[in-house]
Amino acid sequence: EPIREGSKEQLVFPVNCVAFHGPCKTFATTGSDGHHIFWDKDSKQCLKKFAKFPSQQNLGIVSGAFSPDGKIYVYATSYDWFKGKDHFDPAAKNQVWLKQVQPKHLTPLPVGGVRK
């Protein structure tokens, strides 16, 4: 994400987890930026970038996984120490979230990388 509006400089955040979706041959990443993203491994394209996890407590998304049938995506939010000890809030709660997977968010892109 940009450091400030109009800037070409970018903040870079660590990826905390990579989870593969067996049925579709796609994968998800979670990160310290509070996003989880579904990817097409063959076209190397983002299929869906979900809204940033709303957090006033500097929580990142530390882990994620698909259910065996691929219909549910589960992810966990927690402080991941990316910002160091000075930003740690002991009152922040670790949480686990479930998301129903929409097939359109995981279907690999056609050759050429554009969906009609």
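Can Leu47 be described as hydrophobic (A, V, I, L, M, F, W, C), closer than 14 Å to Ala19 by Cβ and open to solvent by 90 Å² or more (accessible area, probe 1.4 Å)?
Working: hydrophobic (A, V, I, L, M, F, W, C): yes; closer than 14 Å to Ala19 by Cβ: yes; open to solvent by 90 Å² or more (accessible area, probe 1.4 Å): no.
Criteria not met by Leu47.
Residue-wise test of (1) hydroxyl-bearing (Ser, Thr, Tyr); (2) under 30 Å from Asp86 (Cα atoms); (3) within 13 Å of the chain's Cα centre (by Cα).
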site	(1), (2), (3)
Cys17	no, yes, yes
Gly22	no, no, no
Lys52	no, yes, yes
Gln57	no, yes, no
Gly60	no, yes, yes
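Report yes if Asp80 is under 23 Å from Phe20 (Cα atoms) and open to solvent by 30 Å² or more (accessible area, probe 1.4 Å), otherwise no. Even if it seems obvious, please write down each step before you answer.
Values: under 23 Å from Phe20 (Cα atoms): yes; open to solvent by 30 Å² or more (accessible area, probe 1.4 Å): yes.
So Asp80 fits the description; yes.
Name the residues in region 47-68 that are modelled with pLDDT of 90 or more and not aromatic (Phe, Trp, Tyr), would you?
Correct list: Leu47, Lys48, Lys49, Ile61, Val62, Ser63, Gly64, Ala65, Ser67, Pro68.
Can you name the number of the only condition in (1) among the β-branched types (Val, Ile, Thr); (2) buried (at least 16 other Cβ atoms within 10 Å of the Cβ); (3) part of a loop (DSSP other than H, G, I, E, B) that Thr107 fails?
Unmet for Thr107, out of (1) among the β-branched types (Val, Ile, Thr); (2) buried (at least 16 other Cβ atoms within 10 Å of the Cβ); (3) part of a loop (DSSP other than H, G, I, E, B): (2).
Which of (1) open to solvent by 50 Å² or more (accessible area, probe 1.4 Å); (2) under 26 Å from His87 (Cβ atoms) does His35 not meet, given it meets every other one?
Only one criterion in (1) open to solvent by 50 Å² or more (accessible area, probe 1.4 Å); (2) under 26 Å from His87 (Cβ atoms) is unmet by His35, namely (1).
One line per residue, one yes/no per condition, for (1) in a loop (DSSP other than H, G, I, E, B); (2) open to solvent by 20 Å² or more (accessible area, probe 1.4 Å); (3) free of Cβ contacts under 8 Å to residues at least 60 places away in the same chain; (4) under 22 Å from Leu11 (Cβ atoms):
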| residue | (1), (2), (3), (4) |
| --- | --- |
| Trp39 | no, yes, yes, yes |
| Pro54 | yes, yes, yes, yes |
| Asn58 | yes, yes, yes, yes |
| Ser63 | no, yes, yes, yes |
| Pro68 | yes, yes, yes, no |
| Asp86 | no, yes, yes, yes |
| Trp97 | no, yes, yes, no |
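Among the residues of region 1-37 satisfying the criterion of being of a type in the set (Val, Ile, Thr) and in a loop (DSSP other than H, G, I, E, B), which is modelled with the lowest pLDDT? Working first, answer last.
Taking region 1-37 as the starting set, the residues that turn out to be of a type in the set (Val, Ile, Thr) are 3, 12, 15, 18, 26, 29-30, 37.
Those still in the list that are in a loop (DSSP other than H, G, I, E, B) too: 3, 12.
Numbers: Ile3: 63, Val12: 82.
Ranking the qualifying residues of region 1-37, first place goes to Ile3.
The values are calculated or read from the model by the stated rules, or taken from the named source; none is laboratory data. Source: prediction; values computed, not measured. Every residue, glycine as well, gets a Cβ built from its backbone with ideal geometry; the counts of neighbours run over all protein chains shown. What goes into the accessible areas is simple: the full protein's heavy atoms, side chains included, and nothing from ligands, DNA or RNA. Shrake-Rupley method; radii C 1.70, N 1.55, O 1.52, S 1.80 Å.
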